[in-house]
Amino acid sequence: MASITSVRVATDFSAAAQRSIERAALLIRQLGIAHGSVCHALDPHFIRAVRDLLPVLAEVEQKRGYAAESGLEKARRALEDASGIPFEQIVKEGDAASVLVEGSHPDELLIISAKGETSLADVVIGSTTERALRRSSGPVLVVQNPATQPYQKVLIPVDFTEDSQRALVLARELAPDAMLHIMHVIPPLPQEHGLQGVITGEDMAKYLAQTEQRAINAMGKLLTQCNIEPESVTTIIEDGYTPMAINKKAVGLGVDLIAMGKHGETALSDWLLGSTTHYVVNHNHCDLLVAKA
């Protein structure tokens, strides 16, 4: 039985949001989900600005509300027609990320586009999408591309935490027929350790060999925990700077989905989301699934 029981689709009525709707419909049919919702946030800054103007302009606020309801109705009908299940409409005033994740739960998949209607794409990714990734209690699928077919190739970076294990499980669920490439990146020694002038090439070779062996053992344990036969997937262990290694491998393999855990092995989860996940979202050209245990 699928662990995802419902989906929530974010829309700002842009062409990018339409890709999220198309992917949602495809996944719903694939997973047998029985319920979904489509959500839109009204920009409180725009509304506040209108309210501060002459009273005669108050109708602008009303018209914007009507337009949102009409656009949401159109999106809801499109989702229902494509998926065959009922969808709830949610339109609220407030911060977009907060509206999108309000009432979310661990078995609900939030589907959101990487870029919205604004031309300030970097700001949108750094704010709405990234804050939604950070705040959501369930998995988040960030859609970049049109949903022309089910996912075919998936790259799953793992650090052997519970979050990365959850990402692996969800990747199999969302892409049951895809080729899975499970990757672990051995990071370089931090510069602040002050080892550059002390450690020798032989020391570094030993460090990499021992770290690689631990990664091999952990990879085997992870596959066992997830009931995955090693012969059915490709495992990759490399050393390097994690975000760049992930994107380079994604391009080289031609994957259409990257699935990764929300938090890393460090307690600085917000920093990780602001670096690794932020880098992957902003520099890769495929969809991204972020999971939390």
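Below are the figures for this structure:
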item: Residue order for GLU88, GLU229 - accessible surface, 1.4 angstrom probe, largest first; result: GLU229, GLU88
item: Area of SER232 that stays accessible when all protein chains are in place (1.4 Å probe, Å², to 10); result: 70 Å²
item: Solvent-accessible surface ranking, highest first, for ARG29, ARG172 at 1.4 angstrom; result: ARG29, ARG172
item: Dimensionless Rg over Rh [the range 150-261; C-alpha; Kirkwood]; result: 1.02
item: Extent along principal axes [Cα atoms of the range 124-169; Å; largest to smallest]; result: 32, 26, 15
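The values are calculated or read from the model by the stated rules, or taken from the named source; none is laboratory data. All figures in this text were calculated on a predicted structure; none of them were measured in a lab. Ligands, DNA and RNA are stripped out before the accessible areas are found, and what is left, the full protein with its side chains, is counted by its heavy atoms. Shrake-Rupley method; radii C 1.70, N 1.55, O 1.52, S 1.80 Å.
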